Amino acid sequence: MGEFLRWIQKSLGMGKARCPEEERCLELLRIMLDEQATEEESKYVHKHIGNCYRCYQNYELENTIREAVKSKTHHLKVPQKLVNEITSKINL
């Protein structure tokens, strides 16, 4: 059903209109993609993007960017000294 609603919204040009929940959804979407979201937050995002083409577009964009960055950087090794330095600053 969600795909059908997104198709209708896309066909009618509704993806260009602002969604009143867009900011909240985008914030939760980023948390979800970082694998830090609660089960409730993830359910909200999945349900919302299933019915909102604008927020679905945001999801696709965020996910595509993250996947591109991962594919270009997965082979990079971070020096242990840098890891230790960052960790010590976080634990201040």
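Does the range 51-64 contain any residue that is more than 17 Å from Cys19 (Cα to Cα) and exposed (fewer than 10 other Cβ atoms within 10 Å of the Cβ)?
Taking every residue of the range 51-64 in turn, none turns out to be more than 17 Å from Cys19 (Cα to Cα) and exposed (fewer than 10 other Cβ atoms within 10 Å of the Cβ).
Considering the range 24-50 alone, what residues qualify as being over 17 Å from Glu67 (Cβ atoms) and exposed (fewer than 14 other Cβ atoms within 10 Å of the Cβ)?
Scanning the range 24-50 gives Glu27, Gln36, Thr38, Glu39, Glu40, Lys43, His46, Lys47.
Is it true that Arg30 is under 10 Å from the mean Cα position of the chain (by Cα) and not hydroxyl-bearing (Ser, Thr, Tyr)?
yes
In the range 1-43, which residue that is of a type in the set (S, T, N, Q) and closer than 17 Å to Glu60 by Cα is modelled with the lowest pLDDT? Step through it out loud before you land on a result.
Filtering the range 1-43 down to residues of a type in the set (S, T, N, Q) leaves 9, 11, 36, 38, 42.
So of that shortlist, the ones also closer than 17 Å to Glu60 by Cα come out as 9, 42.
On the way: Gln9: 60, Ser42: 96.
Step by step, filter the range 1-43, then rank; the result is Gln9.
The values are calculated or read from the model by the stated rules, or taken from the named source; none is laboratory data. As the structure is a computational prediction, the values presented were derived from the model and not from experiment. Glycine gets a Cβ as well: all are built from the backbone with ideal geometry, and neighbour counts include every protein chain shown.
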